[in-house]
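Heads up, the thing below is written out as structure tokens.
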Amino acid sequence: MIVIHYTAMASCAEARARLCDPAFEVSSHWLISEAGKSEALVDEAARAWHAGAGAWAGLSDINSHSIGIELANNGRQPFAEPQMATLETLLAGIMARWTIPAHRVIAHSDMAPSRKGDPGARFDWQRLALQGLSIWPQAATADPQAFLPALRRFGYPAAPAADLLTAFRLRFRPWTTGPLDATDAGLACDLAMRFAPPAEIA
């Protein structure tokens, strides 16, 4: 799979220094600056320390099963157009090289909903989905009681319900507030129906 992050640091240079300092025990395969410059920091065939504790689709050691991409962004600013364009090119190449399907391109907040919020509400997942580089749910409604079971089938890990709702909305309903509703449930059910592993659907 591919995990997308933001650096949450003041500059790309600071982020690069942190990612390359063994003392911090954090690394990533790729770093993309605001200006759209991409840099390979860890070979894609090697394990990088980008994901940390979390899980996705039943896998708990995400670092051993994923390629990490860090986007230079302080967590509050929009993602620059040159940066997004470079990300699109990079994603297409990684997905082709490693036969990674679109539903296996995830947010850091997806696999660690109680710890992480990146790449956050400003990241344009729908833009990636329109190019086949990620996925987007089809509009639907459902009983809110179906929300959590659908999320688990889709791939989200066990976590408090409030954390799961926050992570889901960060990615699929950015800026939405208020309690869980039928739209949340409908979107989650659509994702589970279309992208859950076959064994989970049966």
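So here's what we get for this one:
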read-out: Angle between the chain longest axis and helix 161-172 axis [Cα atoms, degrees, rounded to 10]; value: 70
read-out: Estimated FRET transfer efficiency (Thr177, Leu130; beta-carbon r; R0 35 Å; 0.05); value: 0.85
read-out: Shape call, region 112-161: gyration tensor on alpha carbons, a/c limit 1.5; value: oblate
read-out: Cα centre as origin, Lys/Arg/Asp/Glu Cβ charges: region 103-202 dipole, Debye; value: 260
read-out: In region 15-64, trypsin sites (Lys or Arg not before Pro) in a DSSP loop with at most 13 other beta-carbon atoms within 10 Å; value: Lys37
read-out: Cα centroid separation, region 152-202 to region 70-141 (Å); value: 16
read-out: For the chain, size of Cβ-based charge dipole, Lys and Arg +1, Asp and Glu -1, in debye; value: 160
read-out: Region 109-202 shape via C-alpha gyration tensor axes, a/c threshold 1.5; value: rounded
read-out: Sequence of Glu34, Glu25 when ordered by accessible area, the most exposed leading, probe 1.4 angstrom; value: Glu25, Glu34
read-out: Accessible surface of Thr7 - all protein chains present, 1.4 Å probe, nearest 10 Å²; value: 20
read-out: Unit charges at the beta carbon, dipole of the chain: most positive-side option, Ile67, Phe79, Ala185; value: Ala185
read-out: Global geometry of region 1-141, whether rounded, prolate or oblate, following the gyration tensor of its Cα atoms and the 1.5 cut on a/c; value: rounded
read-out: Length-normalised contact order of the chain in % [C-alpha pairs under 8 Å, at least 6 apart]; value: 22
read-out: Efficiency of FRET between Leu41 and Ala140 - r from beta-carbon atoms, R0 30 angstrom, step 0.05; value: 0.15
read-out: At most 15 other Cβ within 10 Å, DSSP loop - chymotrypsin sites (Phe, Trp or Tyr not before Pro), region 101-202; value: Trp175
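The values are calculated or read from the model by the stated rules, or taken from the named source; none is laboratory data. Being a predicted model, the structure only gives us computed values, none of them experimental. Please note: Cβ atoms are built from the backbone with ideal geometry, for glycine as well, and neighbour counts cover all protein chains shown. SASA here: full protein model, heavy atoms, side chains in, ligands and nucleic acids out. Shrake-Rupley method; radii C 1.70, N 1.55, O 1.52, S 1.80 Å.
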